[in-house]
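Q: Before we start, here is the structure in question, set down as structure tokens.
The values are calculated or read from the model by the stated rules, or taken from the named source; none is laboratory data. Given the structure is predicted, the values throughout are model-derived calculations rather than measurements. Note that each Cβ is placed from the backbone with ideal geometry, even for glycine, and that neighbours are counted across all protein chains shown. Ligands, DNA and RNA are excluded from the accessible area calculation, which covers all protein heavy atoms including side chains. Shrake-Rupley method; radii C 1.70, N 1.55, O 1.52, S 1.80 Å.
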Amino acid sequence: MKIGELSLKTGVSIRSIRYYEEKKLIYPKRLENGYRVYSEEDVERVKAVQLFLEYFYKKLIFS
DNA sequence: TTTCTTACA
DNA sequence: TGTAAGCA
């Protein structure tokens, strides 16, 4: 799937998805035209990042 | 239309 | 993180 789909599927902004790649949290493949292609594994990893952030911010606020 | 990269009040 | 610009 392309970035637009992943964004809708996870609720994470396109901007953030690209940032996660920069941080090496996901490794999407590239099409001939340069478009990023995400696998189900990438979907799970993006979701995992959300879970971590939720935990991180809550801990930050209530500790 | 959608995505890509780069840059910025 | 969002948005704008100029391409493909």
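Q: Which ones in the range A:3-26 are assigned to a loop (DSSP other than H, G, I, E, B) and away from DNA strand C (no atom under 12 Å from the Cβ)?
A: A:LYS24, A:ILE26
Q: Just for the range A:27-53: of the residues that are in contact with a Pro (Cβ under 8 Å, 6 or more places away or on another chain) and of a type in the set (D, E, K, R), which one is nearest to A:ARG15 (Cα to Cα)?
A: Within the range A:27-53, the match that is nearest to A:ARG15 (Cα to Cα) is A:ARG36.
Q: Sticking with this structure for a sec: If A:ALA48 satisfies all but one of (1) aliphatic (A, V, I, L, M); (2) more than 12 Å from DNA strand B (Cβ to nearest atom); (3) open to solvent by less than 30 Å² (accessible area, probe 1.4 Å), what's the number of the condition it fails?
A: (3) is the only condition that A:ALA48 fails.
Q: Within the range A:29-43, restricting attention to residues that are in contact (Cβ under 8 Å) with a residue 24 or more places away in the chain and assigned to a loop (DSSP other than H, G, I, E, B), which residue is farthest from DNA strand C (Cβ to nearest atom)?
A: A:TYR38
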